[in-house]
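Okay, so here's the structure we're looking at.
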Amino acid sequence: LVPRAILHVDMDAFYAAIEQRDRPELRGKPVIVGADPRGGQGRGVVSTASYEARRFGVGSAMPISEAYRRCPDGIYVPVDMKKYAEVSDQVMEVLGRFTDLVEPISIDEAFLDVTGSTRMHGPPETLARSLKDAIRDRTSLTASVGVATSKLVAKIASDLRKPDGLVIVPPGTEAAFLAPLPVRRLWGVGPKTEERLLALGVHTIGDIVTQQARLQKKLGDGIDHLAGLARGEDERGVIAHGDEAKSMGQEHTYDEDTTDMKRLRRTLLSLCDAVARRLRQHGVRSRTVTLKYRTEGFETFTRAETLPRSTDSGDAMFAVAWRLFEGIHRGRKVRLLGIYASGLAAGDQLDMFPDETRPADRVRDAVTEKFGRAALTRASLLPGARKRGPRG
Ligand SMILES: [Mg+2]
């Protein structure tokens, strides 16, 4: 199974970089975007400081009076949200060229799941370079990018070589990558937790892993979650903005949690068929298939794959869904399965690569319409049906 490829894209000193781009006289100078300093008497905070201003110790969220004390010769520029929002739209539009799975987390930051995009855009590293180039072409601004198998690691990676950075953490090297970094880099380690860890002699993320047993005695079970993060374990999926509204999906909750592979397979197949039927009813096709998977312990995983071409075929969706399922399952007791189709577009566009499976789907629709849903069920959905290979 192909490991996930998740990018964290973070624009460098976004507001200040835009001002420096638009006003060449500000380039190379300490630029502080934020409240009016009023000669050191101003109220409010710094929104963004240029890298030149950061050398004076000025940073985001610092009181503007403090910034003025540290950098009285800086160039103070008021916030122009309308302009930054327009540039943000341009950046997000560029990101959308590489995958449907873009999750903006602020005006200048987003996660992308590009696992399903490598056929079109090359391996993650090549894709990340093209993406940085595309942002620069469109906006004349630089972004820093982290590439990893999880959101957690990608976000930490994007921050390490700013500005204009590209840090790639190959699959399997997550724990080794995190180990030497200070504990405060880890999500969930705020100033208080950091203080407690430092007091216990825990300085690096790797220390949390190697001293997990000792720390559990001191700090309780909360440390297990932190140790998981420290090993780079983070199953959260990239949720495309507005996906709930722009997706069609269906879920099934078992009366009794199950490990029965035949049942799980049948459920996935019928969920894919049901969602595909709704796509066809609405005359749309989907580019992204998302699997939701919940265990008896309410642990929830989401995995998504963007297809090289859009589809409204239950078989095509099932092929993806089954692959995603196999990547997660590992014999757990399953409580719920769900299938979502997103990245929807009108289905009547010229189809360069017609799906071979579509006629079969059409026949199913026609029969279902005429005789109702019970009339036609796939052989593989019937109880006791024999397995016929991955496509059922
Ligand atoms: Mg940024």
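The values are calculated or read from the model by the stated rules, or taken from the named source; none is laboratory data. Bear in mind the structure is a predicted one, so any value in this text is a computation, not a measurement. Glycine also receives a Cβ, built like all others from the backbone with ideal geometry; neighbour counts cover every protein chain displayed.
Which condition from (1) of a type outside the set (Asp, Glu); (2) assigned to a strand (DSSP E or B); (3) out of contact with any Pro (no Cβ under 7 Å at 6 or more places or on another chain) is the one that LYS132 breaks?
(2)
Of all residues in the range 46-76, which are farther than 18 Å from PRO163 by Cβ, surrounded by 15 or more Cβ atoms within 10 Å (Cβ to Cβ) and under 33 Å from the mean Cα position of the chain (by Cα)?
MET62, PRO63
Filter the range 304-319 down to residues that are among the charged types (D, E, K, R) and surrounded by 22 or more Cβ atoms within 10 Å (Cβ to Cβ) and give me whichever is nearest to GLN250 (Cα to Cα).
Let us first name the residues in the range 304-319 that are among the charged types (D, E, K, R), namely 305, 309, 312, 315.
The next check asks that each one be surrounded by 22 or more Cβ atoms within 10 Å (Cβ to Cβ); those that pass are 305, 312.
On the way: GLU305: 17, ASP312: 15 Å.
Step by step, filter the range 304-319, then rank; the result is ASP312.
Quick check on the range 2-20. Is at least one of its residues charged (D, E, K, R), surrounded by 21 or more Cβ atoms within 10 Å (Cβ to Cβ) and modelled with pLDDT under 95?
For the range 2-20, residues charged (D, E, K, R), surrounded by 21 or more Cβ atoms within 10 Å (Cβ to Cβ) and modelled with pLDDT under 95: present.
Residues ALA128, ALA134: which one is in contact with a helix residue (DSSP H, G or I) (Cβ under 9 Å, 6 or more places away or on another chain) and aliphatic (A, V, I, L, M)?
Exactly one of ALA128, ALA134 is in contact with a helix residue (DSSP H, G or I) (Cβ under 9 Å, 6 or more places away or on another chain) and aliphatic (A, V, I, L, M), namely ALA134.
Within the range 167-219, track down each residue that is touching a Lys or Arg at 6+ places or on another chain (Cβ under 8 Å) and either buried (at least 18 other Cβ atoms within 10 Å of the Cβ) or touching a residue at least 12 places away in the same chain (Cβ under 8 Å) (or both).
VAL167, GLU174, ALA175, LEU178, TRP187, LEU200, ILE205, VAL209, LEU219
Grab the strands (runs of 3 or more DSSP E) fully contained in the range 1-118, keeping just those with 2 or more residues being in contact with a strand residue (DSSP E or B) (Cβ under 6 Å, 6 or more places away or on another chain) and away from the ligand (no atom under 16 Å from the Cβ). Can you show your working first?
On the way: elements: 6-11, 31-34, 46-49, 75-77, 102-106, 109-113.
Ranges flagged: 75-77.
Can we say SER270 is surrounded by 15 or more Cβ atoms within 10 Å (Cβ to Cβ) and part of a helix (DSSP H, G or I)? Lay out the reasoning, then the answer.
On the way: surrounded by 15 or more Cβ atoms within 10 Å (Cβ to Cβ): yes; part of a helix (DSSP H, G or I): yes.
For SER270, the condition - surrounded by 15 or more Cβ atoms within 10 Å (Cβ to Cβ) and part of a helix (DSSP H, G or I) - is met.
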